[in-house]
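Heads up, the thing below is written out as structure tokens.
The values are calculated or read from the model by the stated rules, or taken from the named source; none is laboratory data. If you're wondering where the values come from, they're calculated on a predicted model, not measured in any experiment. Positions of Cβ are generated from backbone atoms using ideal geometry, with glycine treated the same way; all protein chains shown enter the neighbour counts.
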Ligand code: SAJ
């Protein structure tokens, strides 16, 4: 196939278009947002992703990518539009529906339609297929249809597009095979062919597995605080077991995938998905838990500096960020300043922000924060206290810089006056004390 249409040039559509184009397949990108369309046609990009800008600039200048605002006839259509979550936790399929309707208008015999967007189980068969058949063409006979979910990690998309394995669910074997042949233009990973419902659930369960695992880690973090130990150590040593891989605790789970996709499974069979729903709620509670720790540490009225507010490190994406929830929870009760080098409005000088502050909360472990001079920070603060929600800083370094260090998931270590049995004197010793949090 020499030419395809990619509908939706967002976080997945644009890098995918760039990969096809740089491997000899001409791409017509369809993007309803005119500003984005113009940016791309001028060789620019509207998202931040390593290596993407260079590829897009080059392929646009070579005429391999052209962006338009309406779907035009093509041999293959790849739909990569958003599927946000609604208030009731079901999927908003309006973008999939309108993309399908636009494709149906220009569909011709022999065409291939691939749905890449993450969708609830049965969506390809029950939602997209009937819309495409409004063209009066028969799916599986006149045109091919497959669901081939993206599985790439933001921040590493270009590499993973090429090297990750793919699951391709066709409405019939021919649809899956045609899709595989198309992706073969650039995919070096294995491509597994199956049916659409398996592919849909497979994608959703990958993210659900991760979300449930993180919920387990978050639960352990709170248990560890109560029992007077350090969850990070427990996880580190438990993971030495050859069949154990507990994920990392943190201030919550964000983004547009892990915090969303499990609900697409849960709402498809609510009475059967108790673990999935419990995990979601456990992770959603974490910003409140961190807010409670802030309250215990410094109390309302204090000046708090939050380091990082994106949904994960080293990206500029704010979607579903649990730190934004935390900031909202701290609200007017605290004087909150946010520092984030990836977000234009928060890209401020950390030393100015921390002047006379009572507490630093490390919310997102951006690599750039490693460069912070902790001693300088401690000097200008009102009370140098640091709450690390990501086990990012080394306790020793932070304490040497003059901070009181607190770690989410770890019982607070404090200096207490206690009877030293060896030396038979009352001495100042370090002890773990059980956390005071009752939530
Ligand atoms: N997080 C933790 N603890 C961990 C790992 C992550 O708290 O141990 C948090 C992160 O801080 C972030 C959230 O989870 O808030 C999600 O981050 P992530 O890096 O786990 O995943 P995403 O959302 O960037 O990308 C995921 C990936 N899915 C899996 O790894 C199974 C990616 O491969 C998918 O393509 C992507 O979702 C997607 O588009 O569905």
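Right, residue 185: outside any helix (DSSP H, G or I), in the same structural domain as residue 147 (by TED's automatic domain parsing) and over 30 Å from residue 231 (Cβ atoms) or not?
Answer is yes for this residue.
Exactly one of these conditions fails for residue 161: (1) touching a helix residue (DSSP H, G or I) at 6+ places or on another chain (Cβ under 8 Å); (2) touching a residue at least 60 places away in the same chain (Cβ under 8 Å); (3) outside any helix (DSSP H, G or I); (4) within 16 Å of the ligand (Cβ to nearest atom). Give me its number.
(3)
Is it true that residue 167 is in contact with a helix residue (DSSP H, G or I) (Cβ under 6 Å, 6 or more places away or on another chain), at pLDDT 95 or above and not in a loop (DSSP other than H, G, I, E, B)?
In short, yes.
Scan the stretch 363-383 for residues that are in contact with a helix residue (DSSP H, G or I) (Cβ under 7 Å, 6 or more places away or on another chain) and either in a loop (DSSP other than H, G, I, E, B) or touching a residue at least 40 places away in the same chain (Cβ under 8 Å) (or both) and jot them down.
Those that are in contact with a helix residue (DSSP H, G or I) (Cβ under 7 Å, 6 or more places away or on another chain) and either in a loop (DSSP other than H, G, I, E, B) or touching a residue at least 40 places away in the same chain (Cβ under 8 Å) (or both): 363, 364, 372.
May I ask you to list the residues in the stretch 135-152 that are touching a helix residue (DSSP H, G or I) at 6+ places or on another chain (Cβ under 7 Å) and either within 16 Å of the ligand (Cβ to nearest atom) or assigned to a loop (DSSP other than H, G, I, E, B) (or both)?
Result: 140, 147, 148, 149, 151, 152.
Report yes if residue 332 is more than 20 Å from residue 249 (Cα to Cα) and assigned to a helix (DSSP H, G or I), otherwise no.
yes
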